[in-house]
Every structure is written in structure tokens, then in C-alpha cells.
Amino acid sequence: IKRMKGISISRPIIYGNSATPLHGKKVGDSDHTHRWTISVRGVNNEDISYFVRKVAFKLHDTYENPNRVVEKPPFEISETGWGEFDIIIKIHFNPISGEKPLTLYHHLKLHPYEEDSLGNPWPKQKPVTSYSYDEVVFNEPIDTFYTLLQEN
Ligand code: SLL
């Protein structure tokens, strides 16, 4: 294998969650109040599966099977629940990259601020969202991986 000395290449990703209230609709016999989705995706929903092999989401231990692994896009998990907590996101890259997995943290957000940006109360059906933008930087990438990144 040949690494590209002195070269860095990066790819943007967006990760985070959206959430909507259940408004009293019962999910089984649970006390869940919200439906939410946590996701890792490309900018403008660009397919990231050429460099992302799989994504592992570690949920709060109150969830059944809190370790959720998504092997193909969309890299997301949808659930219902009642509380906010930190989700550990582990991104595994295409094996040809030789890269170690990248760990990210996201605080699941269910509740809006009191008002929207115009000072109006948050509309009851408007999803609450919390997303972060990040650049995944590959330092001295393996040459074949570098080529793959550039071709996509
Ligand atoms: C804490 N913020 O840190 C709280 C934990 C956990 C949320 C919130 C349970 C889902 C289920 C759920 O919504 N957990 O019943 O499976 O202590």
C-alpha cells in the first residue's frame, strides 16, 4: 500500500436529528412523547456510501438493543422516546481506506426553544431539528482510496 505523503483530502458530512411530538398518540403502552430520526448523510443528500461502509449508533441504555448498526444508506435510525440523551455515532469507512472509525457525539434534541426566530411560539407540528456539519479529513490517504474519493 502506498500513502500519499503530505496530502489531505476531506469530505463533508451532516449528522444530527429531527423530532416531532406524538401529541398524546400512544406507542404501545409506553410513555413516549416524540418520534425522532438520527442520521449521517452527505450535503444535499449526496450518497456517502462510496467512502462510508457502515454507521453504528449507540443509543441510551433504556432502549432495547441500544447498539444499532446501519450497513447501507440511508444511514439513519428512527425511534420514539421521551427523553433527550447523547448518541455516540461511529462511522466506519470503506475498508480500502485503511482508516480507523470516526466517533462523533450528538445530543438528541426533542424540545424546541420557546420561540422561533421571529419570536412566535414554536408551531405544534413543526419538527425540531439539530444538525451539525463536519469535514472528515483523511491525512496521507492510501492512493487507491484517494482516487476513489476524487472520482466521486
Ligand atoms: C437521562 N436524559 O440522561 C435522560 C435519559 C432517556 C430516554 C433519557 C426510552 C425509550 C424506551 C427513552 O426515551 N429514553 O422506553 O425504550 O437520564
Checklist entry - Whose amide H sits under 5 Å from the amide H of Val52, counting only residues 5 or more places off or on another chain, with H placed in the peptide plane? => result Asn94
Checklist entry - How large is the helix-only mean residue ellipticity at 222 nm for the chain, computed as the sum of -39500 (n - 2.57) over DSSP H runs with n ≥ 4, divided by its residue count, in deg cm²/dmol to the nearest 500? => result -1500 deg cm²/dmol
Checklist entry - Thinking of the chain as a set of Cα atoms, what percent of all their pairs are more than 24 Å apart? => result 42 percent
Checklist entry - Using only Cα atoms, what is the ratio of the radius of gyration of segment 81-152 to 2.2 N^0.38 Å? => result 1.66
Checklist entry - Using a cut-off of 27 Å between alpha-carbon atoms, which lysines can reach Lys2, once sequence neighbours fewer than 8 places away in the same chain are excluded? => result Lys54, Lys90, Lys100
Item to check | For Val136, residues with placed amide H under 5 Å, excluding near neighbours | outcome: Arg11, Ile13
Checklist outcome for this item: Residues His92, His111 in order from fewest to most other beta-carbon atoms within 10 Å are His111, His92
Checklist entry - Long-range amide H contacts for Ile87: which residues qualify at under 5 Å (H placed 1.01 Å from N, peptide plane, sequence gap of 5 or more or a different chain)? => result His106, His107, Leu108
Checklist entry - Using θ = phi - 60° and the Karplus curve 6.51 cos²θ - 1.76 cosθ + 1.60, what whole-Hz ³J(HN,Hα) does each residue of segment 139-151 get, with Gly and Pro shown as x? => result 8, 6, x, 5, 4, 5, 5, 4, 4, 4, 4, 6, 7
Item to check | Per-residue HN-Hα couplings for segment 37-44 [Karplus 6.51, -1.76, 1.60; θ = phi - 60°; Hz; x = Gly/Pro] | outcome: 9, 9, 9, 10, 8, x, 5, 6
Item to check | Relative contact order of the chain, defined on C-alpha pairs under 8 angstrom at six or more residues apart (%) | outcome: 34 percent
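Laboratory data are not the source of any read-out in this text; all were calculated from the coordinates shown. Remember, it's a predicted structure, so these values are computed and weren't measured experimentally. Because the Cβ atoms are built from the backbone with ideal geometry, glycine has one as well, and the counts that use them run over all protein chains shown.
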